[in-house]
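What follows is one structure encoded as structure tokens, with my remarks underneath.
The values are calculated or read from the model by the stated rules, or taken from the named source; none is laboratory data. From a predicted model like this one, the values you see are computed outputs, not experimental measurements. Counting neighbours? That spans all protein chains shown, and the Cβs are built from the backbone with ideal geometry, glycine included. Accessible surface areas use protein heavy atoms only, side chains included; no ligands, DNA or RNA. Shrake-Rupley method; radii C 1.70, N 1.55, O 1.52, S 1.80 Å.
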Protein chains: 2
Amino acid sequence: MRPTLQDVATAVGVSRSTVSNAYCRPDQLSAALRTRILDTARQLGYPGPNPTARSLRRGFAGAIGVLFTSQLSYAFTDPFAVRFLAGVAAAAERHGTSLLLVPLPTGATQARAAVENAAVDGFCVYCAADEDWALDVIRGRGLPFVTTAPPADRYVGIDERAAARSVADHLVGLGHRRVALLADTVLPEAPPGPLRLAGADAARHPTTRGRLAGFADALAAVGVDWPDITLLNATGNSRAAGAGAVAGLFAGDDPPTAVLAASDVLALGALDALGERAATVSVTGFDDVAEAAAAGLTTVRQPAEEKGRIAAELLLDPPADDAAGQILLPTELVVRTSTRPVPRS
Amino acid sequence: MRPTLQDVATAVGVSRSTVSNAYCRPDQLSAALRTRILDTARQLGYPGPNPTARSLRRGFAGAIGVLFTSQLSYAFTDPFAVRFLAGVAAAAERHGTSLLLVPLPTGATQARAAVENAAVDGFCVYCAADEDWALDVIRGRGLPFVTTAPPADRYVGIDERAAARSVADHLVGLGHRRVALLADTVLPEAPPGPLRLAGADAARHPTTRGRLAGFADALAAVGVDWPDITLLNATGNSRAAGAGAVAGLFAGDDPPTAVLAASDVLALGALDALGERAATVSVTGFDDVAEAAAAGLTTVRQPAEEKGRIAAELLLDPPADDAAGQILLPTELVVRTSTRPVPRS
DNA sequence: TTGAAAGCGATACCAA
DNA sequence: TTGGTATCGCTTTCAA
């Protein structure tokens with residue numbers, strides 16, 4: 001059996017409190033006694049206070065939970081998510097707090113249980129909002145949390161709609177009218193490829209809703225409206241899914257002259273699928289991940305690490321002023337070579 | 001005050017055990033009573049059993065710790081580390097276990113404390129071995145652990161030396177003799193750029209030692225030996241550091257005809273720094289991360305996710321057979337366009 | 001099917 | 001400076 005604090009106390013011939021003090025309140029006992037206690041502990045093979053017991057007694061865990069809506073292992077596939085996480089880690093690091101990455105099992109009950117059982121002092125919820133159940137569980141536990149989108153008491157996001165409109169305006173300004181929108185999992189079970197949608201509001205995920213709405217705003221300004229807009233559904237936020245969604249679209253008559261993607265990853269996938277044709281079709285992304293620059297992708301930049309860092313900070317030292325917890329970060333249109341004027345035909 | 005299990009018990013008029021059973025042993029009480037308990041709990045706002053208390057009582061945390069030697073936020077900068085983590089996450093996900101990412105503060109005492117205080121059931125130690133202190137703390141706590149390199153009871157690594165030799169042999173086969181080796185933090189405080197080293201064994205980090213030794217093996221086979229080998233030190237495993245290390249090297253007389261880097265990231269940095277000259281100098285990497293393919297980098301592939309996945313599995317369900325815990329994964333030389341025969345001059 | 005009692009391993013107050 | 005005592009919130013035999 002691994003020795004406990006009590007064993008050390010017995011061995012030294014002092015009380016538990018004194019041993020405890022030797023570890024976390026050196027000033028509460030004489031240096032000599034402390035040394036004696038620590039030495040004995042070492043001899044006994046006592047590994048120091050049990051973290052779980054300490055957490056229970058002290059009432060906090062020393063870790064914050066990070067919740068990704070999709071499968072945890074997918075999060076590492078998404079370059080934007082990784083940079084967000086890097087930001088969270090940087091803040092946690094400075095604060096001396098650990099990060100608990102909680103995988104969400106597929107079953108609803110089990111996913112709830114995962115959030116219920118996380119030994120953390122708060123949550124950083126990436127990209128949820130649709131995942132209301134998770135927020136409910138967190139609220140139920142009385143834990144503080146930060147999301148990456150409004151509405152919430154504390155969030156750090158961007159103005160999705162305005163940002164999306166900025167790229168779309170750019171494209172419209174280049175003369176594009178036949179434009180396809182490309183987004184991930186627009187409707188829960190939708191197949192890859194063209195999807196009929198009444199409007200942006202019908203999209204399942206709030207982020208997607210915002211971006212599609214922004215795209216549509218720009219198109220509406222030049223007379224292109226739902227449901228005439230071509231919407232392409234990707235079954236996942238990955239390059240492959242992006243490629244899959246646009247496949248075949250340009251084979252028919254009267255193909256679009258541009259693709260507005262709701263993420264860089266999807267846009268890069270679209271470029272993959274376009275191959276040679278990429279020279280004539282304009283494509284835009286969203287996020288400005290590292291790969292975007294290399295591919296010459298026109299996109300909207302949002303500060304990724306910053307978002308994660310601020311989210312974690314909002315959680316770790318909450319602002320005194322309530323209103324200060326609702327943050328919209330600036331975005332910036334980054335024009336590269338993947339967009340050009342509509343070819344005259 | 002947040003209600004506890006006891007409060008629910010009191011409210012319903014049953015004992016704590018019964019409430020506990022309602023949560024974790026539904027078969028131990030009548031459905032009717034269970035429903036009554038759960039309903040009351042909801043009314044009271046009881047969030048379910050406290051995870052920390054449960055962990056303490058049950059004796060396990062339901063999480064595994066992940067330890068990166070460098071700063072945690074840097075880990076997300078390294079594409080190989082990210083893929084490793086993705087593998088770990090995939091295994092954890094399947095196992096219903098969370099991942100605790102533990103940041104290591106800079107101070108020695110504090111770093112120890114971070115490992116001592118992690119409420120986990122075991123550790124996945126990425127790339128350590130030199131970080132013996134961490135392994136000592138983990139052993140002291142009596143927790144199981146897996147590393148990414150021997151020696152250890154359980155590890156999943158590659159034959160660094162042989163893998164390194166395979167790229168180096170390729171380069172030597174192309175006629176290169178004046179070759180510069182490029183590695184990260186070869187000696188603790190070394191400045192960026194050329195570094196005099198007696199031999200591979202002098203390198204600080206075991207992984208670096210293995211790779212440099214493999215490179216040197218190939219060179220030795222054609223009569224090039226330490227300390228005549230040009231070694232370039234990068235101050236960090238990043239593209240920028242790679243670029244910084246090779247800067248100026250090709251300005252002088254008799255520059256190397258090739259650069260053997262200990263990681264893809266460094267190699268890509270070298271290519272950045274070479275610019276135009278990259279067409280005449282051969283460069284190789286190590287790992288085969290995604291960016292390597294795009295850049296046409298010749299490199300050694302090692303299965304990244306696989307490594308993480310297996311490491312986590314080794315931890316989560318340890319093999320009955322002790323010897324089965326020591327795994328060397330296969331590697332593969334991937335020849336692309338960044339290497340070519342020595343130009344005749 | 002339900003309950004009583006005994007911890008899990010530690011911390012913090014207050015008194016000595 | 002040290003020790004006694006209560007408690008953190010829950011799970012788990014074992015007996016009723």
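Take every DSSP beta bridge whose two residues both sit in the protein assembly as shown, then give the antiparallel share in percent to the nearest 5.
So the antiparallel bridges in the protein assembly as shown amount to around 20 percent.
When the chain is fully extended, how far beyond the present Cα-Cα distance does A:Glu276 get from A:Val222, taking 0.36 nm per residue of separation?
16.5 nm
Considering all projection directions equally, how large on average is the shadow of the alpha-carbon convex hull of chain A, in square nanometres?
21.8 nm²
Of the trypsin sites (Lys or Arg not before Pro) in the stretch B:80-176, which ones lie in a loop per DSSP and count no more than 14 other C-beta atoms within 10 Å?
Here no loop site has a sparse enough neighbourhood.
How much mean residue ellipticity at 222 nm does the protein assembly as shown get from its helices, if each DSSP H run of length 4 or more adds -39500 (n - 2.57) and you divide by all residues, to the nearest 500 deg cm²/dmol?
Calculated from helices alone, the mean residue ellipticity at 222 nm is -12500 deg cm²/dmol.
Calculate the radius of gyration of the Cα atoms of the stretch B:5-49 to one decimal place, then report Dmax, the largest Cα-Cα distance, as a whole number, both in Å.
Gyration radius and largest Cα-Cα distance of the stretch B:5-49: 8.9, 24 Å.
So in chain B, what percent of DSSP beta bridges are antiparallel if you round to the nearest 5?
Of the beta bridges lying entirely in chain B, close to 15 percent run antiparallel.
Specify the angular offset, from 0 to 90 degrees and rounded to the nearest 10, of the alpha carbon long axis of helix B:264-274 from the longest principal axis of the alpha carbons in chain B.
Approximately 40 degrees, to the nearest 10.
Over chain B, calculate the relative contact order: mean separation of alpha carbon pairs under 8 Å at least 6 apart, over the residue count, as a percent.
Normalised by residue count, the contact order of chain B is 18 percent.
For chains B and A, what's the summed buried accessible area, probe 1.4 Å, to the nearest 100 square angstrom?
In total, chains B and A hide about 2900 Å² from solvent.
Taking all protein chains as present, what is the carbon and sulfur share of the accessible area of chain B, in % to the nearest whole number, probe 1.4 Å?
Summing carbon and sulfur atoms, their accessible area is 51 percent of the total for chain B.
Work out the FRET efficiency for B:Ala324 and B:Thr109 from their Cβ-Cβ distance, taking R0 = 35 Å, and round it to the nearest 0.05.
Taking R0 as 35 Å, the efficiency between B:Ala324 and B:Thr109 is 0.45.
Defining a contact as two alpha carbons under 8 Å apart and six or more residues distant in sequence, what relative contact order in percent does the stretch A:63-157 show?
Reported relative contact order: 30 percent.
Against the longest alpha carbon principal axis of chain B, how many degrees, from 0 to 90 and to the nearest 10, is the axis of helix B:206-220 turned?
Approximately 20 degrees, to the nearest 10.
If I histogram all Cα-Cα distances within the stretch A:160-301 using bins 5 Å wide from 0, what percent of pairs lands in each bin?
2, 12, 23, 27, 23, 11, 2, 0
What is the dipole size for the stretch A:160-301, taken about its Cα centre, with +1 at each Lys and Arg Cβ and -1 at each Asp and Glu Cβ, in debye to the nearest 20?
That gives the stretch A:160-301 a dipole magnitude of about 120 debye.
Does any residue of the stretch A:93-107 lose at least 40 Å² of accessible area with all protein chains in place compared with its chain alone, and if so which ones (probe 1.4 Å)?
Flagged in the stretch A:93-107: A:Glu93, A:Ser98, A:Leu99, A:Leu100, A:Leu101, A:Pro103.
Along the charge dipole of the protein assembly as shown, which of A:Ala270, B:Leu104, A:Ser338 sits closest to the positive end, that is, farthest toward it, with unit charges on the beta carbon of Lys, Arg, Asp and Glu (+1, +1, -1, -1)?
B:Leu104
Would you kindly state how much longer the chain becomes between A:Ala162 and A:Ala11 on full extension, computed as 0.36 nm times their sequence separation minus their alpha carbon distance, in nm to one decimal?
47.6 nm
Over all alpha-carbon pairs in the protein assembly as shown, figure out the percentage whose distance exceeds 51 Å.
19 percent
Normalising by the residue count of the stretch B:160-301, find the relative contact order in percent from Cα pairs under 8 Å and 6+ residues apart.
27 percent
Mind pulling the angle between the C-alpha long axis of helix A:79-95 and the longest principal axis of chain A? Nearest 10 degrees, somewhere in 0 to 90.
Around 30 degrees separate the two axes.
Just for the Cα atoms in the stretch B:259-345, what are the lengths along the principal axes, largest first, rounded to whole Å?
Computed over the Cα atoms, the extents are 59, 22, 16 Å.
Please compute the length gained on full extension between A:Arg94 and A:Asp136, using 0.36 nm multiplied by the number of residues separating them and subtracting their Cα-Cα distance.
Length gained, A:Arg94 through A:Asp136: 12.2 nm.
Can you give the average number of partner chain beta-carbon atoms within 10 Å of each beta-carbon in peptide A:69-80, as a whole number?
4
May I ask for the percentage of alpha-carbon pairs in the stretch B:100-171 that lie more than 13 Å from each other?
Within the stretch B:100-171, distances greater than 13 Å cover 68 percent of Cα pairs.
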